[in-house]
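The values are calculated or read from the model by the stated rules, or taken from the named source; none is laboratory data. Values in this document were obtained by computation on a predicted structure and should not be read as measured data. Heads up, the Cβs are rebuilt from the backbone with ideal geometry, glycines too, and the neighbour counts pull from every protein chain shown. Ligands, DNA and RNA are stripped out before the accessible areas are found, and what is left, the full protein with its side chains, is counted by its heavy atoms. Shrake-Rupley method; radii C 1.70, N 1.55, O 1.52, S 1.80 Å.
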Amino acid sequence: MSANSSYAAAGVDTAAGDLAVELMKEAVAKTHGPNVLGGVGGFAGLYDLSFAKDYRRPLLATSTDGVGTKIAIAQALDVHDTIGQDLVGMVVDDIVVVGATPLFMTDYIACGKVVPDRIAAIVTGIARACAETGTALVGGETAEHPGLMGVDDYDVAGAAVGVVEADRALGAERVESGDAILAIESSGLHSNGFSLVRHILAQHGIGYTDASAELGTTWGEALLEPTRLYSGPLVQLLAGANGDAVHALSHVTGGGLAANLARVLPRGSWAEVDRSTWSPAPVFRVLNDLAGTTLESTEGTWNLGVGFFAVVKADAAASVTAELGALGLPTWQVGTVTIGERDLAGFEQGAKGVDGGAVRLVGSYSA
């Protein structure tokens, strides 16, 4: 018996992996600009960084993440062409938080069995989102893990790299007292809190193919709504006339609203976010109604309609809001940063180990 036959008998099909690469190759190649050297299938991706010699002090930014248990819904419905956008959103949109322009990304897919069409659908979705964000998909890996994962199981992860001029990097040190806090609309649940989502639906015997009158679609379609991609418009904003007015950005992911905003505010600052300035989308309301909980109780789990925060100079708030709206990101002001002493009872602070600012949400959500 040959080595290849032995490997196949153990459950690893290298030919299926090769076919998957062929099926995805065209989509991946479309993300490659002149800075990408070589093609698909190398041991490592090469990216020409010689343009960085024009920077005074270039800083590389990197981020890595996955999609979480949202994948379970994609697997249950056998719909795999949107999960890649969720991955890019979770990884690449973290890069822009520090003001960096994303350069390239790699992905990793672990699965119980390589089904070429399925793997190609996942990677094509990643490539499509990379192209939208101006990010080159320069490499990746698909690993077959028979015996460890079921034949229909898979998980995805990715890592990205970007670059920013040192004196253009965003962060808490740039935030000033009186800065406006802008909220940027999410497209739904994005990729956070799906363990709770799945728990709620299971408790009520709701299937992903079941229709929801309140949502106007099936549950599966509503839950697989792809993560909105923010980095393209935000990079444009930072490069334009309003760029200097942006002091900090926050990606609202795991940990929810207050915690993620607090991470990008300076120590000694505080902010109150006014819930009455927006109305969470129906998917958040219906899930809370099913669970018998309040919107407020899930602010640390779901984004509740805010995908990003931008902290900007007060006198530029209106123009930044207008520019982001024109770039396809509905934006509104939710609060103001104050640097000074006050009683911080009820405020969120110290999230993710960051000794930053303090944030709490106040008021009631708009109907």
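Please find, in a Gaussian network model of the chain (springs between Cα atoms separated by less than 10 Å), the residue of Leu229, Leu261, Leu196 whose mean-square fluctuation is greatest.
Leu196
Considering the values [x] 20.1; [y] 15.9; [z] 18.7, which represents mean projected area of the Cα convex hull in nm² as calculated for the structure under consideration?
[x]
Note down the net charge around Gly335, summing +1 for each Lys or Arg and -1 for each Asp or Glu among other residues with Cβ under 15 Å from its Cβ.
The answer is -2.
Do you know the relative contact order of the chain, to the nearest whole percent, from alpha carbon pairs under 8 angstrom that are 6+ apart?
Relative CO of the chain lands at 21 percent.
Would you work out what percent of the accessible area of the chain, with all protein chains in place, is carbon or sulfur (probe 1.4 Å)?
Using a 1.4 Å probe with all protein chains present, the chain comes out at 52 percent carbon and sulfur.
Taking the full set of protein chains and a 1.4 angstrom probe, give the accessible area of Arg228 in square angstrom, rounded to the nearest 10.
My reading of the accessible area for Arg228 is about 60 Å².
Among Leu324, Gly340, Gly350, whose Cα projects farthest towards the positive end of the dipole of the chain, with charges put on the beta-carbon of Lys, Arg (+1) and Asp, Glu (-1)?
Gly340
Give me the 1.4 Å probe accessible area per residue for region 267-367, excluding ligands and nucleic acids, in Å².
Per-residue accessible area for region 267-367 comes out at 44 Å².
Apply the a/c threshold of 1.5 to the C-alpha gyration tensor of region 299-355 and tell me whether it is rounded, prolate or oblate.
oblate
Placing +1 at every Lys and Arg Cβ and -1 at every Asp and Glu Cβ, with all other atoms neutral, what dipole size does the chain have around its Cα centre, in debye to the nearest 20?
460 debye
Using 0.36 nm times the number of residues separating Asp289 and Ala367, minus their current alpha carbon distance, what extension gain do you get?
Full extension from Asp289 to Ala367 adds 26.7 nm.
Roll a 1.4 Å probe over the protein chains and send me the accessible area per residue for region 61-104 in Å².
Counting only protein heavy atoms, the per-residue value for region 61-104 is 28 Å².
Report the extension gain between Asp355 and His199 in nm, rounded to one decimal, defined as 0.36 nm multiplied by the number of residues separating them, less their alpha carbon distance.
The span from Asp355 to His199 would gain 52.9 nm if fully extended.
All other residues with a Cβ under 10 Å from the Cβ of Ile71 taken together, and with Lys, Arg as +1 and Asp, Glu as -1, what is their net charge?
-2
Which of rounded, prolate, oblate describes region 107-234, given a ≥ b ≥ c as roots of the alpha-carbon gyration tensor eigenvalues and a/c under 1.5 marking rounded, otherwise prolate only if a/b is larger than b/c?
oblate
Work through the residues other than Ala317 whose Cβ is under 12 Å from its Cβ and net out their charges, Lys, Arg +1 and Asp, Glu -1.
Computed value for this residue: -2.
Which is farthest toward the positive dipole end of region 66-128 among Ile126, His80, Pro102, measuring Cα position about the Cα centre, with Cβ charges +1 (Lys, Arg) and -1 (Asp, Glu)?
Checking the options against the dipole of region 66-128, the answer is His80.
Most mobile of Lys30, Lys53, Lys113 per a Gaussian network model of the chain (Cα springs, under 10 Å)?
Looking only at Lys30, Lys53, Lys113, the biggest GNM fluctuation is shown by Lys53.
Say the dipole of region 172-220 comes from +1 at the beta carbon of Lys and Arg and -1 at that of Asp and Glu; which of Ala183, Gly216, Ala172 then lies farthest toward its positive end?
Positive-end residue among those listed: Gly216.
If you split all Cα-Cα distances of region 184-260 into 5 Å bins from zero, what percentages do you get per bin, shortest first?
The distribution over region 184-260 is 3, 12, 18, 19, 15, 12, 8, 6, 5, 2, 0, given as percents.
Pick from Ser186, Ser269, Ser297: which is most flexible by mean-square fluctuation in a GNM of the chain where alpha carbon atoms under 10 Å apart are linked?
Ser297
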